[in-house]
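Here is the structure we will look at.
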Amino acid sequence: RLLALMQDDSPRFRSAVSAVEDNIKSINAYVDRCGAGATRYVHYGQKFDAAHTAYAECLVANLHGESSSPSHGGPELTAGVGPALCKVSATLKEVQALNRFSLASTEVRVGRLQQTGDEDVRRVKEARKHFASCDEIWAAALKRAHSVKREREAKVTVADQDFVDAKLAFETSRFELVAALNEAEAGRWAARTFAPSFTSSPRGSLSLSLSL
């Protein structure tokens with residue numbers, strides 16, 4: 001729903017601006033929820049990683065304990081079980097290394113996405129504030145230009161110049177607002193498309209380690 005840059009100022013234009021602002025807020029809320037979910041996912045993923053790594057270490061530690069003290073009274077290891085356990089332990093460690101990389105990448109992407117969102121909101125807010133200020137100045141200049149009597153040439157010239165300057169500043173601020181809104185909305189839609197992938201990558205590798 002991008003705003004047309006050359007669209008004239010009108011009630012329809014201002015309604016479209018409000019609609020785009022509402023849309024950006026809605027997308028931001030969705031992205032924030034996804035980001036919060038991804039942050040929780042990273043937190044618990046790190047706990048899984050620690051548990052699985054400890055389990056992999058425990059496999060090898062128990063194997064070494066059994067092999068070094070056969071008089072322990074414990075069950076004797078079947079031939080070939082030792083190398084198999086070592087292989088399982090090594091595989092678990094490799095899987096968890098991939099998990100750690102995936103979780104770290106997700107954490108970085110969440111941070112960048114939130115930072116970009118904050119910058120978009122700040123830029124739109126500043127553009128909106130500047131637009132409102134220029135709108136008031138232009139309305140006042142228009143009123144002064146209409147109230148000046150035409151026979152007072154000096155005052156007419158000043159009022160006309162003020163009107164032109166105010167109109168130019170108003171249109172500049174309006175174009176800046178449109179550009180900020182369009183950039184923010186496009187960026188937020190990209191973030192909305194990207195956000196669900198936050199929680200999709202590590203699960204496969206976690207389930208693989210559990211099935212082993």
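The values are calculated or read from the model by the stated rules, or taken from the named source; none is laboratory data. As the structure is a prediction and not an experimental result, all values here were calculated from the model. FYI the Cβ positions are ideal-geometry reconstructions off the backbone, even for glycines, and counts take in every protein chain you see. Note: accessible area is taken over every heavy atom of the protein model, side chains too, but ligands, DNA and RNA are not part of it. Shrake-Rupley method; radii C 1.70, N 1.55, O 1.52, S 1.80 Å.
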**Item:** Condition check for A179: surrounded by 13 or more Cβ atoms within 10 Å (Cβ to Cβ), out of contact with any Gly (no Cβ under 7 Å at 6 or more places or on another chain) and at pLDDT below 90
**Value:** yes
Reported set for region 155-176 where residues are among the charged types (D, E, K, R), open to solvent by 20 Å² or more (accessible area, probe 1.4 Å), in contact with a helix residue (DSSP H, G or I) (Cβ under 8 Å, 6 or more places away or on another chain) and closer than 30 Å to K125 by Cβ is D162, D165, K167, E176
query = surrounded by 17 or more Cβ atoms within 10 Å (Cβ to Cβ) and either closer than 30 Å to R112 by Cα or at pLDDT 80 or above (or both) - does that describe any residue in region 50-73?
reply = yes
Given (1) closer than 30 Å to E183 by Cβ; (2) open to solvent by less than 50 Å² (accessible area, probe 1.4 Å); (3) modelled with pLDDT under 80, R1 misses just (2)
If we scan region 4-14, do we find a residue that is part of a helix (DSSP H, G or I), acidic (D, E) and at pLDDT 80 or above?
no
Just one listed residue, out of K129, K143, K167, K125, is modelled with pLDDT of 85 or more, under 30 Å from T106 (Cα atoms) and among the basic types (K, R), and it is K125
When every residue in region 89-112 that is among the hydroxyl-bearing types (S, T, Y) and closer than 22 Å to E57 by Cα is compared, the one modelled with the lowest pLDDT is S89
Listed by first then second residue, the pairs whose first member lies in region 123-148 and is over 17 Å from S18 (Cα atoms), whose partner is surrounded by fewer than 16 Cβ atoms within 10 Å (Cβ to Cβ) and acidic (D, E), with beta carbons under 8 Å and at least 6 positions apart or on separate chains, are A141/D165; A145/D160
